[in-house]
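Presented below is the structure to which this report refers.
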Amino acid sequence: MRVHFTAEDLIKVRLAPGPDAMWELVLSVHQMAYRAEHIPYFAPWRRHSVTALTRAGLDMAIRALGTLMPAATYFPDFLTPGGHIGDVEHGIETVLATPRTRLRDELGQLAATYRKPSPWLSDLAAGRPRDLERLGSTLRRYHQMAIFPHRSAIAATTQADVARRVKDLAGGGVEALLNGLRPWASWTSPVLRLHYPVDGDLHLQGRGLLLIPSFFGVHGPVLLADDSLPPVLVYPVEHPPLWRPEPGAGEAVDELMGTTRATLLRLLTSSHATGALAARLDVAPSTISRHILALRNAGLVATERHGQYQIHRRTWLGDALLDGDAFPRWPSTVHGVRART
C-alpha cells in the first residue's frame, strides 16, 4: 500500500498521545482468533480472557464479535470512529450512533465476504434499537473483562513507544517520524510504502495523517477501508519480550463479587438510573435492583431518589476497590494517640 503525501500533508501529520479505545477493542478481538503459536506474546492474555468471558456466559457473544470484526482484509470502518478516541464509552456511543445508511452499506460489504452471512449482520444493518443496544452491551462487557484489567500494561507499553517517536519528531522532523515506522513501512519522499495485505494507493490530498499506536495490532499497519474518511494509520508498538498478565484488582473484583456486580460497579463512573443500567447490561430492572442493593449494603454504591427514578453512583470505597488502591490509612494521630501506620 502506497500512501502519497503532499507538502501540506507533511505539515498535517499528527501523532496520537496513546492508543485508541475502539481500535484496541477491535484488534484485540482479532487476537482472539489466532492460535498461541502464531502470536505467543498474547497467549497468556488470550487464555485468561477466554476463561473469564466463558465463565461470564459471553463465549457466544464473543464469537458474534469475531463475525462482525474478523481478522481479515476487511472489517467495517464504523467500528473505529474517526480521530483519536481515548474513552471506550465515548467510542461505543459513537459506534451506536452510526447512521443507518452507513450501517447498511458497510455491513453489506462485510456480509459479501462470507459464504453464508450470519443473520446477526442483517439485524444490525437494519439499525433496530434493540439490536444496537445488544451490541453496545456486548462491547462494554468484553472491554471490561478482556482489556480493562490490563490497562496499566497497555498504557505503559504504548506510552514508551510514543515517547520514543516524539523524540524522533523533535530531532528529525516528520520525515524522521515516518522513517521510524520500519520495519512495517519505508519512507521515500513523498510516498510511504506499507507492508499490507492488499495492493493500492491512498492519496492524502492535503488532509494529513493521524498516526495511532496500537498494543494489540501487532500484524502490521492498518488503514481505514474507505479512503474518503479522514486518514489514520494504526501502527504496532514495540512490545517487551514477554507479557505474563497477572490477575489485577479488576479481575479480583470479578472473582469476589461476580461478573454482573463488578460490571455494574465499573459502569457507575457517573450516575445512572436503574432502567439505564438494565438497558446497558440487557437484563431486567429487577435484577439490577437486587445487585444494586447488595452493592449498597457493602458501602460500594450510594442511591438517591430523583422524582420517580432511583439514581445510583459509586462511592469512594467502590473507587478504591476497583482501582486496587490500599484503603486510606488512619491519620498518624487519632485522638492525640500515635497510631500505627
Tell me which residues, restricted to segment 195-207, are within 25 Å of the chain's Cα centre (by Cα) and either within 17 Å of residue 226 (Cβ to Cβ) or among the basic types (Lys, Arg) (or both).
196, 197
Just to be sure I understand, how many residues within segment 233-249 are modelled with pLDDT under 80 and either crowded, with 20+ Cβ neighbours inside 10 Å or in contact with a Gly (Cβ under 6 Å, 6 or more places away or on another chain) (or both)?
1
Any residue at all in segment 95-106 that is among the hydroxyl-bearing types (Ser, Thr, Tyr), within 30 Å of residue 168 (Cβ to Cβ) and surrounded by fewer than 20 Cβ atoms within 10 Å (Cβ to Cβ)?
no
Every residue from segment 34-74 that is in contact with a Pro (Cβ under 8 Å, 6 or more places away or on another chain) and surrounded by 14 or more Cβ atoms within 10 Å (Cβ to Cβ)
44, 45, 48, 68, 69
Matching residues, segment 272-318, being aliphatic (A, V, I, L, M) and farther than 19 Å from residue 262 by Cβ:
273, 311
Looking at segment 26-33, can you tell me whether even one residue there is modelled with pLDDT under 90, among the β-branched types (Val, Ile, Thr) and either more than 19 Å from residue 158 (Cβ to Cβ) or surrounded by 20 or more Cβ atoms within 10 Å (Cβ to Cβ) (or both)?
no
Log entry, pairs with first residue in segment 265-284 being free of Cβ contacts under 8 Å to residues at least 24 places away in the same chain, second being surrounded by 18 or more Cβ atoms within 10 Å (Cβ to Cβ) and in a helix (DSSP H, G or I), beta carbons closer than 6 Å, six or more apart or on different chains, reads 278/288
Output for segment 199-216, where each listed residue is part of a loop (DSSP other than H, G, I, E, B) and over 18 Å from residue 14 (Cα atoms)
199, 200, 215, 216
Working carefully through the options 180, 208, find the one that is more than 20 Å from residue 238 (Cβ to Cβ), in contact with a helix residue (DSSP H, G or I) (Cβ under 7 Å, 6 or more places away or on another chain) and surrounded by 13 or more Cβ atoms within 10 Å (Cβ to Cβ).
208
Residues to consider are 263, 315, 303; find the one that is under 18 Å from residue 145 (Cα atoms) and surrounded by 15 or more Cβ atoms within 10 Å (Cβ to Cβ).
263
Considering only segment 40-92, state which residues are polar (S, T, N, Q) and modelled with pLDDT of 90 or more.
67, 80
Quick one: what pairs do we get from segment 104-116, first residue in the same structural domain as residue 70 (by TED's automatic domain parsing), second of a type in the set (Gly, Ala, Ser) and loosely packed, with under 15 Cβ neighbours inside 10 Å, C-beta under 7 Å, 6+ apart or different chains?
113/72
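Here is a yes/no grid of residues against (1) surrounded by fewer than 18 Cβ atoms within 10 Å (Cβ to Cβ); (2) more than 25 Å from the chain's Cα centre (by Cα); (3) touching a residue at least 12 places away in the same chain (Cβ under 8 Å):
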residue: 125; (1), (2), (3): no, no, yes
residue: 137; (1), (2), (3): no, no, yes
residue: 141; (1), (2), (3): no, no, yes
residue: 147; (1), (2), (3): no, no, yes
residue: 168; (1), (2), (3): no, yes, yes
residue: 191; (1), (2), (3): yes, yes, yes
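The values are calculated or read from the model by the stated rules, or taken from the named source; none is laboratory data. Note that the coordinates shown come from a computational prediction; the quantities given were computed from them, not determined experimentally. All Cβ positions, even for glycine, are placed from backbone atoms using ideal geometry, and neighbour counts span all protein chains on display.
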